[in-house]
Structure formats: C-alpha cells, structure tokens
Amino acid sequence: MIYKELLESIPFSEIEPWLYKMYPSLKSSMGWMKVHYDMLHMIGSKSHTNADNGEITIVLDEEDGETYLTACSLEGEVWECALAKEIVIDKKVKASLPEIAACCLWHSSFYGFTPETKEECFRDMFGYNACKELEYNRVLIRKYGGAIPSFNQLPLIVKEKLKKIAINEVLINKGNRSKHKREFRRELMKLHYDRMVAISDFIILLFPFITLKETDITIQELCKIFNSTAFKTSIIPSYSSNGADIDYLCNIIGQYNMIPQMSNLILLVLLDKDSLALEEKQKGRLKELLSRCNTKDYKILFAQNKSLKEQAAICYAAFDM
C-alpha cells in the first residue's frame, strides 16, 4: 500500500483522535492537519526511485524511556512523490492503520512542498533575510504615504512584550553575561523584524483597496497595526472537490477555531472568480463566521486570484490595539 492509498482508505475523523493522542501539541493546529489531509487527497501521486527506495518505513523509536511510532523518509519531500511511496511496517509495530496514518500525516505536514512551492520553501528556510524584506516593504509603503516605525518608535507595551520574549529565549541557552547581552540584542531585533515583515506583508496585500471609497481603508489606518499589542496573520486555502467553496472554509475555520479571537479582524477572501458571483447565502456564512470570532471591529474584503484554479482562500489579520 502506498501513502496515497492509505489516506484514501481512512477518513480524517478516524485519524484525528490519534493525532490528539500522539501529538498533544497539535490541539491548536488540528484545523491545519485537516487542510493538509484534504490537500493530499486532491493532489496526484508521482512515482520516483531517486530517494530512499521509494519507501516509508514505520518503526518504533525510543527517547527518554518512552516508545513512540515514527515514519522514516517522509520529511523534506515533494508531496506528490511522498504519496507514491510504499509503506513498509516493521514487524515490531502493532499499530492500527488510523494510527499509522496519523503518524505519516504528522511527518509529511512537518516539512514538505509542491513542485511550485519548492523554491519558495527553500528560500524561506535558508535564504530569508528579514532585514532586507523589511527595507523592501518600507519603500513600498512609503510610496503610498505610510511609514513603518523603528523599534524605538513602538509603544512601550509592545517593546516590553518583545523584550520579555527575547529574554526567555536567551535564558534557554548557556553562556556568560556578555554573550547573553549579544544574544538578547540579536533575538530582540529578529523578533522585531519578523513582526514588522508579517504586518507590512499584509498591508501590502491590501494596497488595491486603499483607493476604493467603499472599503473605507486608508494607509494611515493600516499602519496603526504596527502598534498593535498582538498580531496574527495567515492564509487558509480551500481543498474542496466542489470548487471554490466558501462553505468548506467556513466549516473548517469554525470547527477548529483557526482564527484567533482578537478585538480587530480583517478578512480578505480570495476567489478565482468575481465576488459578485458569490451567493448571498455564502456571504451570510462569512458574516456568521466573523460573529463567532467575538471581534469588536471587522472588515470583509474580496479579491480575484485566478491562480487558485477553482479554489478559494481566506487571508486574515487579527490584532489587538
């Protein structure tokens, strides 16, 4: 049996309990595991013989006196190639198929990519430079009349929060006092740059809406997000057999609470067609989803992206001011 056949033979509802049991830290990320499962269902498998004999080996491993299930040769793979790999189960393994599927799903979600995203993944892992990214974004935002604040220009509460995170990170590592100071400064600036890049990337996504009166969005309002005390953004794609299905996204986001509850929320709905084609029922579902997020102030925006190929995606930014 290959990995693709294993997943197609077991519904996610049977895999989910094992994911909770085997990987408790996934509790807040189970929605993403469901998205990963649905994605693997939709993409095809492609045989290859250039790595690990095309096999996924299921074995028992041991650490700190505890025995656990692991799947070898599943990480760092193009997913369509991973799906074509034959699953080989060690004789000592007595696990059920849903348990084995949960183990494989965790490993393939940990680190993998499609042929189209391979270069981007490697750039993010090995060639990413937050400082350069931020300077590039700074120029773009300045052209629209906005500004990215320096660390010293941030509100005191934001700076103190970043300092606390940096201190906790540095204290984990051993070293003398002078080394800790250098590490603290380096970690603090890394946190600052990463945060500013994440916020500015989202603001740049909204540039097409700034000039539209009906959206009531200005660059000045958007730049206030840099002073937020908490910020979270992500893009949640759909992998629905029914095409660009807003219901799919609303169901999975609602079931697994994939959008954090904060006082402000901007929802950018990406479709492969014009938003006018959306039914009122689907727009109503989006508003219902937002009401469940308990947000005080929210905006829903629509944009067309033909590269989605009959799918949809929701890009959100949740933040507290």
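The values are calculated or read from the model by the stated rules, or taken from the named source; none is laboratory data. Computed from a predicted structure; not experimentally measured. Neighbour counts run over all protein chains shown; Cβ positions are idealised from the backbone, glycine included. Ligands, DNA and RNA are stripped out before the accessible areas are found, and what is left, the full protein with its side chains, is counted by its heavy atoms. Shrake-Rupley method; radii C 1.70, N 1.55, O 1.52, S 1.80 Å.
Can you compute the charge dipole magnitude of region 254-309 about its Cα centre, using +1 on each Lys and Arg Cβ and -1 on each Asp and Glu Cβ, nothing else charged? Give it in debye, rounded to the nearest 20. Walk me through the numbers before you get to the answer.
Details: 10 positive and 6 negative charges, 11 e Å.
Here the size comes out at about 60 debye.
For region 252-258, in order, what is each residue's ³J(HN,Hα) by Karplus, 6.51 cos²θ - 1.76 cosθ + 1.60 with θ = phi - 60°, in whole Hz (x at glycine and Pro)?
6, 5, x, 5, 10, 6, 7
So what's the back-of-envelope 222 nm ellipticity for the chain, counting only DSSP H runs of four-plus at -39500 (n - 2.57) apiece and dividing by all residues, rounded to 500?
Details: 13 runs with 147 residues, N = 321.
About -14000 deg cm²/dmol.
I need the phi-derived Karplus couplings for region 307-321: 6.51 cos²θ - 1.76 cosθ + 1.60, θ = phi - 60°, integer Hz, Gly and Pro marked x.
5, 5, 6, 6, 10, 9, 8, 10, 9, 10, 9, 10, 7, 10, 10
5 Å is the cut-off here: which amide hydrogens, built 1.01 Å from N in the peptide plane, fall below it relative to Ala230, excluding neighbours closer than 5 in sequence?
Asp320
Pull up all non-local amide H partners of Ile87: gap of 5 or more, or a different chain, and H-to-H distance under 5 Å with H placed in the peptide plane.
Placed amide hydrogens put Ile2, Tyr3, Ile56 under 5 Å from Ile87.
Measure off 7 Å from each Cα along the Cα-to-Cβ vector at Ser28 and Glu75, then give the distance between these two points in nanometres to one decimal.
About 2.1 nm, to one decimal.
May I ask for the percentage of alpha-carbon pairs in the chain that lie more than 24 Å from each other? List each step's numbers first, then the result.
On the way: 32713 of 51360 pairs.
Summing the P(r) of the chain above 24 Å gives 64 percent of all pairs.
Between Lys306 and Val139, how many nm apart are label points set 7 Å from Cα along the C-beta direction?
Reported label-point gap for Lys306 and Val139 is 2.9 nm.
With labels modelled as points extended 7 Å from the Cα through the Cβ direction, what inter-label distance (nm, one decimal) is found for Glu62 paired with Val93?
1.8 nm
Let me know the whole percent of all Cα-Cα pairs from region 1-96 that are separated by more than 23 Å.
On the way: 1269 of 4560 pairs.
For region 1-96, the share of Cα pairs beyond 23 Å comes to 28 percent.
How much length would be gained if the chain were fully extended between Arg292 and Gln261, taking 0.36 nm per residue of separation minus their Cα-Cα distance, in nm to one decimal? Provide the component values of the computation, followed by the final result.
Details: separation 31, 0.36 × 31 = 11.16 nm, distance 0.89 nm.
Using 0.36 nm per residue and subtracting the Cα-Cα distance, I get 10.3 nm.
Just the number, please: carbon plus sulfur as a percent of the accessible area of the chain, 1.4 Å probe, no ligands or DNA/RNA counted.
On the way: 9220 of 18120 Å².
The value for the chain is 51 percent carbon and sulfur by accessible area.
What accessible area per residue comes out for the chain, rounded to a whole number of Å², with a 1.4 Å probe?
Details: 18120 Å² over 321 residues.
Here the per-residue accessible area is 56 Å².
Would you pull out the residues with amide H under 5 Å of Lys273's amide H, same chain only if 5 or more places away, H placed 1.01 Å from N?
For Lys273, the qualifying residues are Asn305.
Please give the helix 177-205 orientation as an angle from the longest Cα principal axis of the chain, in degrees from 0 to 90, rounded to the nearest 10.
80 degrees
Counting pairwise Cα distances across region 212-321, what percent come out greater than 17 angstrom?
On the way: 3201 of 5995 pairs.
Across region 212-321, Cα pairs with separations above 17 Å total 53 percent.
Can you run phi through the Karplus equation (6.51, -1.76, 1.60; θ = phi - 60°) for region 6-20 and list ³J(HN,Hα) in whole Hz, with x for Gly and Pro?
4, 5, 6, 8, 10, x, 4, 4, 8, 7, 3, x, 6, 4, 4
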